[in-house]
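A.B. asks: One structure coming up, written as structure tokens, with questions to follow.
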Amino acid sequence: MIIGITGSFGTGKTTVSDLFKKYGYSVINVDELYRDIYEKNWLLRERIGKAFGTADREELKKIVFSDKNKLKKLNTITHPVIINKIKSMIKKINKKNIIIDAPLLIEANAVGLVDKLIVVICHKEEQIKRLLKKGKYTKKEIDNIIKSQMPLKEKLKYADYIIDNSYSIDNTKKQLKELVKLLK
């Protein structure tokens, strides 16, 4: 079974995906996959550079997370490349239990790649607190990234299952254990 895990920025998708590994699932982390593709695929970087005047990832983040149209433009360039790589990885893994950890699974029209979809949610205050604690982003940058994504309410319409990651890791582990039983 191929399970998609999605949610908003900082809700804990990767935490949940990592917990699935303990149950024997292979995980395709699309954020890591994109970083790898971006580093190795000079044609992609060239296309992005021509479209945005820069291929520097930090500069791109500033550009696309403050303008939804520019984010859509970037996604039309990157999503087909990423989806093809995911399909290729699914074939290579050749295992029946796969997790695809993808923040933009729905937005990329890639829900068809998965058999079930889990949406990870988190109270907004906790989400922001956790992101600020990492020290990578300012409050304004976090707000811009969250605003640029599909609202969680919309993502929930696609969900087969929901994991609420607002509380302790033990609470999340308990929810996951119950979910794994349901998936068998």
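The values are calculated or read from the model by the stated rules, or taken from the named source; none is laboratory data. Quantities reported herein were computed from a predicted structural model and do not represent experimental measurements. Here Cβ is always computed from backbone atoms with ideal geometry, including for glycine, and neighbour counts include all displayed protein chains.
A.B. asks: Residues of the range 129-147 being over 22 Å from L19 (Cα atoms) and either part of a helix (DSSP H, G or I) or touching a Leu at 6+ places or on another chain (Cβ under 7 Å) (or both), which ones?
C.D. replies: Pass one, the range 129-147, residues over 22 Å from L19 (Cα atoms): 132, 135-147.
Correct list: L132, Y137, K139, K140, E141, I142, D143, N144, I145, I146, K147.
A.B. asks: Of all helices (runs of 4 or more DSSP H) completely enclosed by the range 41-125, which ones contain at least 2 residues that are under 19 Å from the mean Cα position of the chain (by Cα) and on the phi < 0 side of the Ramachandran plot?
C.D. replies: The helices (runs of 4 or more DSSP H) meeting that bar are 57-64, 68-93.
A.B. asks: While we're on this one: Do we find that K22 is crowded, with 20+ Cβ neighbours inside 10 Å and among the basic types (K, R) in this structure?
C.D. replies: No: the conditions fail for K22.
A.B. asks: Just need a number here: residues in the range 160-173 that are closer than 19 Å to E126 by Cα and either touching a residue at least 60 places away in the same chain (Cβ under 8 Å) or charged (D, E, K, R) (or both).
C.D. replies: Let us first name the residues in the range 160-173 that are closer than 19 Å to E126 by Cα, namely 162-173.
Filter once more, keeping what is either touching a residue at least 60 places away in the same chain (Cβ under 8 Å) or charged (D, E, K, R) (or both): 163-165, 169-170, 172-173.
Of the residues in that region, 7 qualify.
A.B. asks: For the range 149-167, does any single residue satisfy the condition of being of a type in the set (A, V, I, L, M, F, W, C) and over 25 Å from K68 (Cβ atoms)?
C.D. replies: The answer is yes, given that some residue of the range 149-167 is of a type in the set (A, V, I, L, M, F, W, C) and over 25 Å from K68 (Cβ atoms).
A.B. asks: Can you find even one residue in the range 47-65 that is modelled with pLDDT of 95 or more, surrounded by 18 or more Cβ atoms within 10 Å (Cβ to Cβ) and over 26 Å from E154 (Cβ atoms)?
C.D. replies: Within the range 47-65, one or more residues are modelled with pLDDT of 95 or more, surrounded by 18 or more Cβ atoms within 10 Å (Cβ to Cβ) and over 26 Å from E154 (Cβ atoms).
A.B. asks: Then there is this: When you go through T172, T138 one by one, which is the residue that is loosely packed, with under 12 Cβ neighbours inside 10 Å and out of contact with any Cys (no Cβ under 8 Å at 6 or more places or on another chain)?
C.D. replies: T138
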